[in-house]
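The values are calculated or read from the model by the stated rules, or taken from the named source; none is laboratory data. Everything numeric in this text was worked out from a predicted model, so none of it was measured. Heads up, the Cβs are rebuilt from the backbone with ideal geometry, glycines too, and the neighbour counts pull from every protein chain shown.
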Amino acid sequence: MGNDSLQMIIRLANEMYRGGPVRAEGEPMTPDTIQNAPLVSGAGVRYDPPAGDTAYYFMPGYGAAPAAGPYGRPGLDLYAVRGDFPILRQRVNGKPLVWLDNAATTQKPQCVLDALERYYSEYNSNIHRGAHTLARIATRAYEDARETVRSFLGAGSAEEIVFVRGATEAINLVTESYGGTHIAKGDEILLTMMEHHSNIVPWQKLKSRGAVIKVVPINDRGEIILADYEKLLSPRTRMVCIAHVSNVLGTINPIKTMIEMAHHHGARVLIDGAQGAPHLGVDVGALDADFYAFSGHKVYGPTGIGALYGKRELLEEMPPWQRGGGMIREVSMEDAAFASPPQKFEAGTGHIAGAVGLGAALDYIHRTGMNRVEAHERELTAYAIEQLYQVPGLHIIGTASEKTSVISFVLDGVSPERAARYLDQEGIAVRAGHHCAMPALRRYGLSSCVRASLGLYNTMDEVDWLVHALLNIAR
């Protein structure tokens with residue numbers, strides 16, 4: 001039986017079950033179509049909850065094989081994926097939760113929650129120096145997580161992976177340790193106009209040493225102007241800092257090209273991967289990145305954990321940022337000798353459970369298939385942009401040709417904060433404000449906007465529900 005015939009039978013069965021036609025593909029979601037969504041269909045499906053649980057899923061494609069993506073492999077099984085995230089089953093303000101605040105933080109799959117519980121309930125211990133069984137188990141789990149991060153980033157050695165609290169701490173570490181010893185008066189640091197505050201403010205501290213910050217401009221679409229970038233590079237350029245993906249524009253920056261250009265001038269490059277790592281495959285070796293930072297909580301892992309990749313030779317020559325237990329080889333009352341990387345940068349007791357949970361999150365992404373995630377999110381982003389243009393008075397900020405996951409917009413006559421509050425009443429979680437990217441918004445004459453950001457578990461039905469709510473606001 002062909003797939004078209006199978007889908008027709010499924011659709012007819014649903015119509016008979018519901019007593020009438022179900023929502024056509026592409027038809028906007030309404031309260032009636034939510035409550036009457038079919039049990040199986042190519043358009044949307046109802047989640048059959050446990051007893052007493054009246055929550056619903058917004059779901060496309062259940063009952064049909066996932067469509068093939070541009071990589072020639074099957075697409076995401078969204079029904080299975082969404083089933084892995086317990087929080088998505090709940091209602092907010094009486095409506096199904098639609099989580100579109102993924103750029104701020106992502107939800108956690110059950111395997112991550114289980115990994116955290118197992119650590120605390122079965123082998124909670126400090127690591128590396130304990131002679132007892134639980135210490136050995138905890139140490140192995142912690143270092144296994146480091147190896148998982150290494151593989152996820154394509155690093156050559158686990159010793160190039162430093163556990164930190166997140167991308168912000170990673171950037172501060174590089175600023176203080178590398179910048180503090182390699183950047184002097186008259187040296188130049190290049191930042192792009194679209195950087196997150198966490199990749200701006202730490203570098204400003206080096207101005208007290210006489211460093212000069214130069215800003216790479218962006219065009220109206222939110223793309224870096226490479227010709228201007230090339231002009232700004234000089235023999236005085238010591239560091240270039242670039243977001244892999246803009247957290248407010250969604251632009252995917254041409255970081256490989258920009259790294260090559262910077263290296264031609266002898267500059268080092270730090271990539272802020274907070275928005276890149278969750279959505280795009282990363283290979284720091286192929287990129288030849290000097291530093292790459294990301295946060296665990298934006299890649300379906302716990303809060304308070306992240307990682308910094310640094311080339312081994314750079315980490316070797318950098319002094320430690322923080323000092324204390326765990327990062328030394330020998331101590332006297334007069335002096336201390338420090339451990340080799342990465343321990344040199346991991347003073348004190350780190351977030352052991354967080355590292356274990358991060359490893360579980362990255363394993364989950366690996367099992368799901370980053371190529372599937374990337375293809376799904378790019379397709380979903382394109383669909384969302386197309387549908388949002390149906391809303392009168394809505395203006396999208398950031399229309400780069402290479403874009404994913406983040407869609408920021410404003411509505412004529414409606415403040416972003418008011419729009420976000422209305423969407424919250426419809427169960428839709430978005431973010432309103434400056435998104436820690438004030439310079440980027442000022443480039444467009446704005447101080448605030450609404451940001452809807454997508455993740456691997458989001459669906460076209462959720463986009464339809466967002467558009468439906470925004471149409472109500474526009475009216």
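For the condition buried (at least 18 other Cβ atoms within 10 Å of the Cβ) and more than 26 Å from the chain's Cα centre (by Cα), Val391 qualifies.
Residues of segment 193-208 include at least one that is closer than 25 Å to Trp321 by Cα, acidic (Asp, Glu) and under 25 Å from the mean Cα position of the chain (by Cα).
Among the residues of segment 319-358, those that are among the hydrophobic types (A, V, I, L, M, F, W, C) and in a loop (DSSP other than H, G, I, E, B) comprise Trp321, Met327, Met333, Ala339, Ala347. Look at (1) under 30 Å from Arg312 (Cα atoms); (2) buried (at least 16 other Cβ atoms within 10 Å of the Cβ); (3) in contact with a helix residue (DSSP H, G or I) (Cβ under 8 Å, 6 or more places away or on another chain) and you find that Thr139 fails only one, number (3). Of the residues making up segment 98-105, at least one is touching a His at 6+ places or on another chain (Cβ under 8 Å) and β-branched (Val, Ile, Thr).
Screening segment 142-188 for residues that are aliphatic (A, V, I, L, M) and in a loop (DSSP other than H, G, I, E, B) and picking the one that is nearest to Thr237 (Cα to Cα) gives Ile183. The condition of being touching a residue at least 12 places away in the same chain (Cβ under 8 Å) and under 19 Å from Val245 (Cβ atoms) holds for only one of Gly301, Gly310, Gly357, that being Gly301. Scanning segment 317-324 for any residue that is at pLDDT 95 or above, touching a helix residue (DSSP H, G or I) at 6+ places or on another chain (Cβ under 9 Å) and surrounded by fewer than 17 Cβ atoms within 10 Å (Cβ to Cβ) turns up at least one such residue. Looking only at residues of segment 151-186 that are more than 16 Å from Gly354 (Cα to Cα) and charged (D, E, K, R), we find that the one that is surrounded by the fewest Cβ atoms within 10 Å (Cβ to Cβ) is Lys185. Screening the candidates Gly304, Gly266, Gly285, Gly250 for the property of being among the small types (Gly, Ala, Ser), on the phi < 0 side of the Ramachandran plot and not assigned by TED's automatic domain parsing to the domain that holds Cys436 yields one hit, Gly285.
Scanning segment 209-228 for residues that are surrounded by fewer than 21 Cβ atoms within 10 Å (Cβ to Cβ), outside any strand (DSSP E or B) and either in the same structural domain as Arg443 (by TED's automatic domain parsing) or within 27 Å of the chain's Cα centre (by Cα) (or both) turns up Pro217, Asn219, Asp220, Arg221, Ile225, Leu226.
In segment 119-126, is there at least one residue being exposed (fewer than 15 other Cβ atoms within 10 Å of the Cβ), without any contact (Cβ under 8 Å) to a residue 60 or more places away in the chain and hydroxyl-bearing (Ser, Thr, Tyr)? Checked against the condition, which is being exposed (fewer than 15 other Cβ atoms within 10 Å of the Cβ), without any contact (Cβ under 8 Å) to a residue 60 or more places away in the chain and hydroxyl-bearing (Ser, Thr, Tyr), segment 119-126 yields at least one hit.
Which of the residues belonging to segment 397-426 are buried (at least 19 other Cβ atoms within 10 Å of the Cβ) and without any contact (Cβ under 8 Å) to a residue 40 or more places away in the chain? Across segment 397-426, the qualifying residues are Pro416, Ala420. All told, Leu116 falls short of being part of a helix (DSSP H, G or I), in the same structural domain as Gly296 (by TED's automatic domain parsing), surrounded by fewer than 16 Cβ atoms within 10 Å (Cβ to Cβ) and not hydroxyl-bearing (Ser, Thr, Tyr).
The condition of being among the small types (Gly, Ala, Ser), under 23 Å from Glu176 (Cα atoms) and assigned by TED's automatic domain parsing to the domain that holds Asp144 holds for only one of Ser340, Ser332, that being Ser340. Quick check on Arg129: is it modelled with pLDDT under 95, surrounded by fewer than 24 Cβ atoms within 10 Å (Cβ to Cβ) and out of contact with any Asp or Glu (no Cβ under 6 Å at 6 or more places or on another chain)? So Arg129 passes the test. Hey, among the residues in segment 374-388 that are among the aliphatic types (A, V, I, L, M) and either outside the structural domain of Thr459 (by TED's automatic domain parsing) or closer than 21 Å to Ala429 by Cα (or both), which one's surrounded by the fewest Cβ atoms within 10 Å (Cβ to Cβ)? Selected residue: Ala382.
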